[in-house]
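S.K.: I am attaching a structure below and will ask some questions about it afterwards.
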Amino acid sequence: MSKKIYKIAVLVDDATVPNEDGQFVGTPEKMTTEYCVVQAIRRLGYETGIVPVGDDIIAVANELRRQNPELIFNLTEEFAGDRRNDKNIAAMLELLAIPFTGTGSNGLMLCRDKMLCKYILAHHRIRVPKFAFFPPGRAVKAPKSIPFPLVVKPAFEDGSDGISNASVVNDIDSLRQRIEFVTGKWNQDAIAEEYIGGREFYVGILGNKKLTALPIRECVFNNKDTHSPCLATYRVKWNKEYREKWNINYGFAELDQKTTKNIEQVCKRAYSLLQLRDYGRIDLRLTEDGKIVIIEVNPNPDVAFGEDLSSSAERAGIGYDAFIEHIIHDAVGRYKI
Ligand SMILES: Nc1ncnc2c1ncn2[C@@H]1O[C@H](COP(=O)(O)OP(=O)(O)O)[C@@H](O)[C@H]1O
Ligand SMILES: [Mg+2]
């Protein structure tokens, strides 16, 4: 049984704090993740502080020392505009010996890199798309062992940044163009993956040693017309009108028991292998011939009210505040504080 804690600091990316409302006390126009979490933590009765992470890391460390929380709820996703630094924030908390929610620096490093996490999963015989990577400036040849169509993505991003319908390429010219776009605009390696057809699912997992898989969500692409999107692009993910236009819906998946069990098992293994902690979300596709292919493993996924993970928790009977409490409780349990 873990100790009862009283004081939590919510660590957030600087840009997410509204100028006029540094403590997230007002009524937000948009229910951002930060608002949802801060308000839930307050409703749960914890003393709550906010610590924005700006470019001055010494100031962040000093503020943490000043607030002296018993636990940090870590909502940061980047440092100095670079998502690859998410692991360094976790590493700083590890060195400061302050307990924090979610995945640690190792797991964040493994999952941020869309190539590295696939090597590890493939080594453990979990299916992932075949892939090739293209550093900026290198001449592009079509990968021999992966047939077109290919999906071209930035190797270290998230939230479908850099992913549009043009990410699916069918020939060498469009592959070159898209790689040039990704390496130029996003200033990083591009990864070109085998296109995986079929249904797309999102599986929320809670816990540490004992894992719970939550009800599975699905993104349904109803319009089978050739021009209709077939990826969860940036617009599909974030633009409701666009989804309506193309008849794309997020909802709960209808799957038979055996398939559900198989998917849950693969997702729990991926979660453990990539060292996720407390909560995570696995994105995958189920091909027409029944193969489960993992597209992405997300440590610290979005925990806003109404997002996939909290909706799945709600469906499992865990309301929003209880869901946030669950994460806090699991984190505290890991540290035995
Ligand atoms: N190899 C692939 N085959 C089919 N669809 C893909 C593939 N890679 C990505 N996608 C589509 O693009 C979406 C976003 O890709 P993902 O790698 O999860 O990027 P992000 O980290 O930005 O979420 C996926 O949810 C899926 O719809
Ligand atoms: Mg994804």
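S.K.: Out of A316, A322, report the one residue that is aliphatic (A, V, I, L, M), without any contact (Cβ under 8 Å) to a residue 12 or more places away in the chain and more than 16 Å from ligand 2 (Cβ to nearest atom).
M.R.: Details: A316 fails: without any contact (Cβ under 8 Å) to a residue 12 or more places away in the chain.
Residue meeting the stated conditions: A322.
S.K.: Any chance you could count how many residues in the range 135-190 are among the basic types (K, R), within 16 Å of ligand 2 (Cβ to nearest atom) and part of a loop (DSSP other than H, G, I, E, B)? Before the answer, list the steps.
M.R.: Quick first cut of the range 135-190, residues among the basic types (K, R) only: 138, 141, 144, 153, 176, 178, 185.
Filter again for within 16 Å of ligand 2 (Cβ to nearest atom), leaving 153.
With the extra rule that they be part of a loop (DSSP other than H, G, I, E, B), the set shrinks to none.
Within the range 135-190, residues that are among the basic types (K, R), within 16 Å of ligand 2 (Cβ to nearest atom) and part of a loop (DSSP other than H, G, I, E, B) number 0.
S.K.: Counting only residues that are buried (at least 23 other Cβ atoms within 10 Å of the Cβ), under 18 Å from the mean Cα position of the chain (by Cα) and assigned by TED's automatic domain parsing to the domain that holds L206, give me the strands (runs of 3 or more DSSP E) lying completely in the range 248-337 with at least 1 of them. Spell out how you get there, then give the answer.
M.R.: On the way: elements: 248-252, 278-286, 292-299.
Ranges flagged: 278-286, 292-299.
S.K.: Confirm whether W238 is in contact with a Ser or Thr (Cβ under 8 Å, 6 or more places away or on another chain), of a type in the set (F, W, Y) and under 25 Å from E77 (Cβ atoms). Explain how you work it out, then say what you get.
M.R.: Details: in contact with a Ser or Thr (Cβ under 8 Å, 6 or more places away or on another chain): yes; of a type in the set (F, W, Y): yes; under 25 Å from E77 (Cβ atoms): yes.
Spelling it out, W238 is indeed in contact with a Ser or Thr (Cβ under 8 Å, 6 or more places away or on another chain), of a type in the set (F, W, Y) and under 25 Å from E77 (Cβ atoms).
S.K.: Additional query: So, in the range 207-247, exactly how many residues are away from ligand 1 (no atom under 15 Å from the Cβ), farther than 30 Å from E325 by Cα and either within 21 Å of the chain's Cα centre (by Cα) or among the hydroxyl-bearing types (S, T, Y) (or both)? I'd like the intermediate steps shown before the answer.
M.R.: Step one: filter the range 207-247 for residues away from ligand 1 (no atom under 15 Å from the Cβ), giving 207-215, 224-227, 240-241, 244-245, 247.
Pick out the ones that are also farther than 30 Å from E325 by Cα and you get 224-227, 241, 244-245, 247.
Within this subset, residues satisfying the condition of being either within 21 Å of the chain's Cα centre (by Cα) or among the hydroxyl-bearing types (S, T, Y) (or both) are 226.
Selection size over the range 207-247: 1.
S.K.: Looking only at the range 196-219, count how many residues are away from ligand 2 (no atom under 16 Å from the Cβ) and surrounded by fewer than 18 Cβ atoms within 10 Å (Cβ to Cβ).
M.R.: To start, the set of residues in the range 196-219 that are away from ligand 2 (no atom under 16 Å from the Cβ) comprises 197, 206-215.
With surrounded by fewer than 18 Cβ atoms within 10 Å (Cβ to Cβ) added as a condition, the list becomes 197, 208-212, 215.
So the answer is 7.
S.K.: Still on this structure, please answer the following. Which one of the conditions (1) modelled with pLDDT under 95; (2) touching a Lys or Arg at 6+ places or on another chain (Cβ under 9 Å) does P99 fail to meet, given that it meets all the rest?
M.R.: Result: P99 passes all but (1).
Yes/no matrix, rows are residues, columns are (1) away from ligand 1 (no atom under 15 Å from the Cβ); (2) at pLDDT 95 or above; (3) within 24 Å of T287 (Cα to Cα); (4) out of contact with any strand residue (DSSP E or B) (no Cβ under 9 Å at 6 or more places or on another chain):
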residue	(1), (2), (3), (4)
A132	no, yes, yes, no
F148	no, yes, yes, no
D158	no, no, yes, no
V168	no, yes, yes, no
A190	no, yes, no, no
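S.K.: Let me ask you something else. Quick check: anything in the range 191-204 assigned to a helix (DSSP H, G or I) and over 28 Å from F252 (Cβ atoms)? Don't jump to the end; show me each part of the working.
M.R.: The initial filter retains those residues of the range 191-204 that are assigned to a helix (DSSP H, G or I), namely none.
The answer is no, given that none of the residues of the range 191-204 is assigned to a helix (DSSP H, G or I) and over 28 Å from F252 (Cβ atoms).
The values are calculated or read from the model by the stated rules, or taken from the named source; none is laboratory data. Since we're looking at a predicted model, the values are computed, not measured. No Cβ is skipped: glycine too gets one built from the backbone with ideal geometry, and neighbour counts run over all protein chains shown.
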